[in-house]
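So the structure is just underneath, and the comments pick up after that.
What follows is calculated from the coordinates using simple rules that are stated; it is not laboratory data. Model, not experiment: these values are computed from the prediction. Every residue, glycine as well, gets a Cβ built from its backbone with ideal geometry; the counts of neighbours run over all protein chains shown.
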Amino acid sequence: MAEHSILPEYASGRPDNQDKEVLLSFADDIKNKNSNNEPKFPGNRPYKKLSSMPLIPKPGSNCRKCGYCVTVCPVGAIDPQTFKSDKSKCITCMRCIKVCPANSRKVNKLLTKAAGLALKKSASVRKENELFI
Ligand code: SF4
Ligand code: SF4
């Protein structure tokens, strides 16, 4: 469990000491796993079609053109010349926003606010870590 990448009011300060203890116990559980069974993940199947808000980051005018965002994007969605995100590839993970040294990458403010409101009910209570092995 970690602080939300663009809505830091959710899971603020996490992972905390309590998380670290839980993660250490997970490490023991993983080390001691003695079967090759596939983990069982919760949820309803078939999965419903993803309907997400188009939160696609783009660089601002203070972009230093350092290219760091290009190197950290997990899906190679950022153009190394323009530093714009390809919306057909971007998975809205927000990693590029979090690591940009100029704090330049942004998503649409109104959509971010709407996402915050949509998450408010479910994200305002502490969520515990879960391990599926
Ligand atoms: S990491 Fe930030 S400053 Fe560097 S290229 Fe990307 S958007 Fe520009
Ligand atoms: S939000 Fe994630 S997937 Fe989209 S451009 Fe940034 S790092 Fe890449």
With only Lys, Arg, Asp and Glu charged, each at its Cβ (+1 for the first two, -1 for the last two), find how big the charge dipole of the chain is about the Cα centre; round to the nearest 20 debye. 760
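Per residue, what volume in Å³ does the convex hull of the Cα atoms of segment 1-111 enclose? Working shown, then result.
Working: hull volume 19.0 nm³, N = 111.
Convex hull volume per residue, Cα atoms: 172 Å³.
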Enter the Cα centre distance for the pair segment 6-58 and segment 90-133, rounded to the nearest angstrom. 14
Proximal lysines to Lys109, defined as alpha-carbon separation beneath 30 angstrom and excluding residues fewer than eight positions away on the same chain: Lys48, Lys49, Lys58, Lys65, Lys84, Lys87, Lys89, Lys98, Lys120, Lys121, Lys127
What is the angle, in °, between the Cα long axis of helix 109-123 and the longest principal axis of the Cα atoms in the chain? Nearest 10 is fine, range 0 to 90. 10
C-alpha long axis of helix 17-32 to longest principal axis of the chain, angle in °: 60
If R0 = 30 Å, then Lys31 and Met1, at their Cβ-Cβ distance, give a FRET efficiency to the nearest 0.05 of 0.90
Lone cysteines in the chain, defined as no other cysteine's Cβ under 4.7 Å from theirs: which are they? Cys63, Cys66, Cys73, Cys90, Cys93, Cys100
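Could you please rank Tyr47, Tyr10, placing first whichever residue has the fewest other Cβ atoms within 10 Å of its Cβ?
Sorted ascending by nearby Cβ count, the order is Tyr47, Tyr10.
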